[in-house]
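What follows is calculated from the coordinates using simple rules that are stated; it is not laboratory data. Just so it is clear, the model here is predicted, and its values are computed rather than measured. Counting neighbours? That spans all protein chains shown, and the Cβs are built from the backbone with ideal geometry, glycine included.
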Amino acid sequence: MQHITRRQTITALTSAAVLPWLPGCATKPATTINANEEQAKTLLDSIAHNLLQVQPESATTLGLDKHIYNALWSQLSDVTIAGRDLYARVIRDDLARVSQIDSRALSFETRTSLEVVKSAYRTALEGLALPYGDVPVGSWRNTPYVVIQNAGAYLDVPNLLEADHPVANAADAESWMSRLAQYATSLDGELERMKAASAIGLVPPGFLINKTITQIGMAAKSAQEGGSLLDFIKQKTMNIPGDFTGQARRIITQQVAPALERQLSEFKRQLISATDNPGMYSRPQGEEYYRWALQASTTTRMQPDELHQLGLDQLKILHARMEPILQSIGYTQGSIGARMKALANDPQYQFAEGDTGRKEILQYIQHRLELIRARMPQAFKTLVRGNLEIHRMAPEEEPGAPAAYGGSSSIDDTIPGKLWINLRSTSLHSRYSLPDLVHHEAIPGHVWQGGYTQHLPLIRSMLAFNAYTEGWALYAEQLADELGVYDDFPVGRLGYLQAIAFRACRLVVDTGLHAKGWTREQAVDFLININGSNPLEVASEVDRYCSWPGQACGYEVGHQEINRQRTRAQAALGSRYDLRAFNDTVVLGGNVPLDVLALNIDEYIRKSK
């Protein structure tokens, strides 16, 4: 059994880090370059360097060397219209560079990395050609609304500064303060784009605006008093010379708070003309945007009708699996949805209210993590550490956030992975549903999978594909079941199946909202009544589909594809098939679009034969 750890240094990129980016200097794509392996790797490192320049937060979240990337540790992305244009130019020029490479003589791994870059950059450029929206390259969070209840600097900057940007010495504190000083500029850059989108008719649904007004109002009120950012830097610099607390207080109260108020005023202005129609089909170029969003989120060309029917078909299969378990525990009457709603009211599966219940939830998560960690050698030949911290979401984020979300640790493992848990109400969670959530967000889901990307070129750690990311997380839920974590807990298996069915429902609801004229109320009712989903969670979930069109469709599409590839490998290899080797192939191949995943499995089959 092989154990790997995160890279302690990034020697391959050290030289690339000093390469200048020269916009517009890419050779015309018509010219083909016969590159050798080292030249191709140098190109990939150069592309990573260029992407870091326009999304410098990645230097921190990836844990890149503070000395080499000192300037980036002090910066925030330029989110103005001009910054978005520069971003598109970087992507366009580097796509031209990578498209020139004749990769036939290169190793399979390097060819794969080049294909991943081309796929991510082509899709991003299509999105950046649209007249509005946020298109973070290689990320799952594409949204037509630059600021909304679950997107924007008012959420992202505090999360970065409080959770990801370490402050251990004066240099760290200075770079932290530099970013804090840019926070108001980011807010105003977003405001510029909000107004530009509104001028061409893009206004969010009124119910999302109302939720966002509440959240930004909370953030503004907190900033007027200094808030959590002030508390953070005060605590971190107690033993560091300098008046960091005083500086931070002035920046937050005199710059950040007024900038938040300016965004608040713009939302109140937009609310006057807003409707409660959630669908992109009703917005300017909305059908075009939704087609792109589905492509970006699924890495396929599947159409809304096809995705809608896939969701309905999978729902029938999963509910059929839930039926005998419900029968066995005495829930024999009514629809699947009605019986799951009744189960949710069973006191034995509920947590206490208030802080007592919040503590119970955190302890329960730790217990389930211990159970699944012990089983990882049964599912993987190559093991990672799964370095992980559990954090409660900020109160101003919780109303617009899902039940939880997670992400992996930094490249050098100094910044742990995170499981962010929504604890606005303990009723969001139950003892039968929380284990599955842990497997999805943490182990063997997002946190675990992210640990396998660090042997790849840096650009591969920076690029993620929604269908793979979320498809793996659903497959991780399935793996946990296959590894026996519910063998003595059948109601936990019921929670797992309901969660997968919930992702099938997402296909139905997302396409219903954005392509079939569904209302928000129809979507909420479908999830509650058909699948018995938690009403407290469902409203925020539906709002998320309204603000991130298409994103919810990547989950089950990716899950289906990983299972399809597993079935194909089993059929091709027969007795030579090994679950652990298959899983290693999927995670060690890195985060890829689904067509590249198929190529990775082709290579696994070829080598295994």
CD proxy, 222 nm, the chain: helix-only mean residue ellipticity via -39,500 (n - 2.57) per DSSP H run with n ≥ 4, per residue, nearest 500, stands at -18500 deg cm²/dmol
Among Tyr145, Gly279, Ala35 the positive-end extreme of the charge dipole of the chain (Cβ point charges)
Ala35
How far apart, in nm, are two points set 7 Å out from the Cα along the Cα-to-Cβ line at Asn277 and at Asp305?
2.2
Positive end of the charge dipole of the chain (Lys, Arg +1 and Asp, Glu -1 on Cβ, about the Cα centre): tell me which of Phe582, Ser461, His439 has its Cα farthest that way.
Phe582
Below 29 Å, Cα to Cα, which lysines can Lys234 reach? Residues fewer than 8 away in the same chain don't count.
Lys66, Lys221, Lys359, Lys418
Let's test the formula: R0 of 41 Å, r as the Cβ-Cβ distance of Ser178 and Ile33. What FRET efficiency results, to the nearest 0.05?
0.60
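Quick one: dipole size for the chain, taken about the Cα centre, charges +1 on Lys/Arg Cβ and -1 on Asp/Glu Cβ, in debye to the nearest 20.
In debye, rounded to 20, the chain gives about 660.
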Please work out the Cα center distance from the range 175-223 to the range 541-593, rounded to the nearest Å.
35
Students often check this: by mean Cβ neighbours within 10 Å, which of 525-532, 368-375 ranks highest, and how do the rest follow?
525-532, 368-375
Suppose we keep just the alpha-carbon trace of the range 262-384; what are its Rg and Dmax in angstrom?
22.5, 58
Neighbour cut-off at most 14 other Cβ (10 Å), DSSP loop, trypsin sites (Lys or Arg not before Pro), the range 221-274
none
Within the chain, percent of DSSP bridges classed antiparallel, to nearest 5:
45
I'd like to verify something in the chain: which complete DSSP H helices, judged by Cα projection on the helix axis, reach 24 Å or more and average at least 0.5 on the Kyte-Doolittle scale?
490-515
Protection proxy ranking of 343-352, 118-127 - average other beta-carbon atoms within 10 Å, highest first
118-127, 343-352
Under 16 Å from a point 7 Å along the Cα-to-Cβ line of Ser575: which residues of the range 594-609 have their amide N that close?
609
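Note the full-extension length gain between Leu362 and Arg104 as 0.36 nm times their separation in residues minus their Cα-Cα distance, in nm to one decimal.
87.8 nm
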Calculate the dipole size of the range 373-515 relative to its Cα centre from +1 charges on Lys and Arg beta carbons and -1 charges on Asp and Glu beta carbons; express the result in debye to the nearest 20.
160
Packing rank of 497-505, 536-544, 33-41, where each peptide gets the mean count of other beta carbons within 10 Å, highest leading:
497-505, 536-544, 33-41
Calculate the FRET efficiency for Asn70 and Asp488 from the Cβ-Cβ distance with a Förster distance of 56 Å, rounded to the nearest 0.05.
0.60
Pull out the extension gain between Asn529 and Glu323, defined as 0.36 nm times the separation in residues minus the alpha carbon to alpha carbon distance; nm, one decimal.
72.6 nm
